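To start, the structure under review is shown below, and the notes come after it.
The values are calculated or read from the model by the stated rules, or taken from the named source; none is laboratory data. These figures come from a predicted structure and were not determined experimentally. As a convention, Cβ positions derive from the backbone with ideal geometry for all residues, glycine included, and neighbour counts pool all protein chains shown. Remember, those area values only see protein heavy atoms, side chains included, never the ligands or the DNA or RNA. Shrake-Rupley method; radii C 1.70, N 1.55, O 1.52, S 1.80 Å.
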Amino acid sequence: MTLLPLTLLAMAITPAKAQDPVKVFAAGSLTGPLTVLAKQFEADTGLPVAMVFGPSGLLLERIEQGEHADVFASANMAHPQQLAREGKAIPALVFTRNRLCVLARPELQLSSENMLAKLLDPSVKIGTSTPKADPGGDYAWLLFAKAGKLQPGAKELLENKARQLVGGKNSPPVPAGQDAVKYFLEHKQADAFIGYCSSRQTVPDARFTKVELPAELAISADFGLTVLNPNTGSHDAAYRFALFLLSPQAQQIFVNYGFSK
């Protein structure tokens, strides 16, 4: 057998070089839907996806320090817009929306009507994410500012009593596999946690009460998506994944997890 047929045979039986995974940096609040969507994208296209979840502010910092990512799905618009201004990414767009809710221990008997009074109660421990490191914390501080316009002194009181339990570089440790917010509620480090209305599951957790903010305190959140400037062979796949997140199929998955269109 000549060299050419041997080469052709080797090509026939040797798999092609594996496609580099699309590396996606995504807000931790997107863990539920994006885990499902990444698997669906891989099944549909054969293109691998590597998900990295974390607080959006800290993920932005990692990208700016040179760590590689192909797609950035942030819990705000400011972070992907910043990458675009720096010439590191294409202009960002809103790909899903969220809003703030309060997840509480049932004995608090929280409702939209009594929410501000409960949060201001000195005996009620409030948990939040960490401002600047995580947009979830920034949104909580916007809520406090709104409260201050309704009731003098409320902003300062809420800021001072809020426990920044998640989303920061030095957040308290949580056992592996545990949902941090629910862990702190279960262990009474917080009676009420200000976070997103979305969840990592599609079924409500009956152990806790989730209450939307009343209209006068409501906070909405636009989640931003961008594709980083190309530096690997996975970039075409990165665009395909970003477009997939905008598809009606993907948008319905976000809704199933509590996001809004």
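Some values worked out for this structure:
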{"quantity": "Selected residue [part of a loop (DSSP other than H, G, I, E, B) and either open to solvent by 30 Å² or more (accessible area, probe 1.4 Å) or farther than 15 Å from residue 190 by Cα (or both)] from 73, 69", "calculated": "69"}
{"quantity": "Complete set of residues in region 203-227 that are modelled with pLDDT under 95 and within 20 Å of the chain's Cα centre (by Cα)", "calculated": "203, 204, 205"}
{"quantity": "Some residue of region 246-253 being among the hydrophobic types (A, V, I, L, M, F, W, C) and open to solvent by less than 30 Å² (accessible area, probe 1.4 Å)", "calculated": "yes"}
{"quantity": "Extreme residue, nearest to residue 136 (Cα to Cα), among residues of region 32-54 that are touching a Lys or Arg at 6+ places or on another chain (Cβ under 9 Å), not small (Gly, Ala, Ser) and not in a helix (DSSP H, G or I)", "calculated": "52"}
{"quantity": "Region 76-92 - residue that is small (Gly, Ala, Ser) and in contact with a Phe, Trp or Tyr (Cβ under 9 Å, 6 or more places away or on another chain) and, of those, least open to solvent (accessible area, probe 1.4 Å)", "calculated": "89"}
{"quantity": "Positions within region 93-145 being under 30 Å from residue 80 (Cα atoms), open to solvent by 20 Å² or more (accessible area, probe 1.4 Å) and hydrophobic (A, V, I, L, M, F, W, C), in sequence order", "calculated": "93, 94, 103, 141, 142, 145"}
{"quantity": "Residues of region 76-92 satisfying the condition of being touching a Ser or Thr at 6+ places or on another chain (Cβ under 8 Å), closer than 24 Å to residue 32 by Cβ and not in a helix (DSSP H, G or I)", "calculated": "76, 92"}
